[in-house]
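The values are calculated or read from the model by the stated rules, or taken from the named source; none is laboratory data. Computed from a predicted model, the values in this text were never measured in an experiment. Here the Cβ positions follow ideal geometry from the backbone for every residue, glycine too, while neighbour counts run over all protein chains shown. All accessible areas refer to the heavy atoms of the entire protein, side chains included, with ligands and DNA or RNA removed. Shrake-Rupley method; radii C 1.70, N 1.55, O 1.52, S 1.80 Å.
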Amino acid sequence: MNPYVLAILLSSLGLGTTLTFASSHWLLAWMGLEINTLAITPLMAQHHHPRAVEATTKYFLTQATAAAMILFASTTNAWATGEWSINDLSNPVASTMFMAALALKIGLAPVHFWMPEVLQGLDLLTGLILSTWQKLAPFALIIQTAQTIDPLLLTLLGATSTLVGGWGGLNQTQLRKVLAYSSIAHMGWMIIVIQYAPQLTLIALGTYIIMTSAAFLTLKMSLATKISTLATTWSKSPVLASTTALVLLSLGGLPPLTGFMPKWMILQELAKQDLPLIATTMALTALISLYFYLRLCYAMTLTVSPNTTNSTTPWRTQTTQVSLPLALFIVSTLGLLPITPAILMLTA
């Protein structure tokens, strides 16, 4: 892709998200989301592969549907209340419709079906942008309006997402689909606690972005897109394979890694709010997710691939990829748990 075009598209991505962050008016927030969608569409279709074009089309249609629902919800709210302010979402029909639209935007269950299919059709870097940066603007809107949305709806969306995210990833052989279901499960954790402690949602979103970036960049470095190619990683780069296993366990929320911190704090908050049943359900769904991460770790570190892979074998070749971002993300993914008390102090 032409570097000038790429620069324009990436700056438009930044502009769209910033516009949604800064807006207090529904139309401006909607415009920010639309700029975001239109900026990532060419990035998704840049490889001119039928799968990429198909993924781009699916993504565009779902995002356009969600944007139309947001516009309809905000118009309904303005009609009922005479206000276009984001903070004044007092109409119950509008708030429910708005939450459904944003759930479709970020891929919460039960409107998650587009997410694994779209991510599977993209290359790893565009998939990384889709899984991290594209979640920021919708989450800004959800956090601003969480107190006006029906608590039962938020709880149902959160619990369903963690269950579907764990269950859906069990039988996958494609790594991008596994990461898509992982994303759905993490979104569920963030949504379930948003009505009680929005600051915990932000902490969970931050750690999710760090861990997912580490996972995508690691897979890009090892040129792996399915489980069978993971089995050859150990002989090519033992250090990368062992850190990848730890990154995956961190995504699963295993102590003493960074991924344990948000889950621990969210479960603590749910227990504090006198919701032991929901907290237990969330902990059990985390175990389901942990199983498929362990399956990836097993394939990578404890098996030697018996078959010849169809891909060209990059046997100890010199890589031209930049490894500094990967190193930073891996260190953050593995070692941020000790700063939990500091984070608790800041968010208290």
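All of Pro92, Pro3 fail the test of being without any contact (Cβ under 8 Å) to a residue 60 or more places away in the chain, within 30 Å of Leu125 (Cα to Cα) and open to solvent by 70 Å² or more (accessible area, probe 1.4 Å), apart from Pro3.
Filtering region 109-161 to residues that are under 27 Å from Asn87 (Cα atoms) and not in a helix (DSSP H, G or I) leaves Ala109, Pro110, Val111, His112, Thr132, Ile149, Asp150. Comparison of Gly158, Gly107, Gly169 shows that the only residue that is in contact with a helix residue (DSSP H, G or I) (Cβ under 8 Å, 6 or more places away or on another chain), over 29 Å from Ser24 (Cβ atoms) and buried (at least 24 other Cβ atoms within 10 Å of the Cβ) is Gly169. Applying a threshold of 6 Å to beta carbon distances and a minimum spacing of six or more residues, or different chains, the list of pairs starting in region 12-32 at a residue that is closer than 15 Å to Ala101 by Cβ and ending at one that is open to solvent by 70 Å² or more (accessible area, probe 1.4 Å) reads Trp26/Trp84. Screening Ile339 against (1) β-branched (Val, Ile, Thr); (2) more than 19 Å from Gly206 (Cβ to Cβ); (3) at pLDDT 70 or above leaves a single unmet condition, (2).
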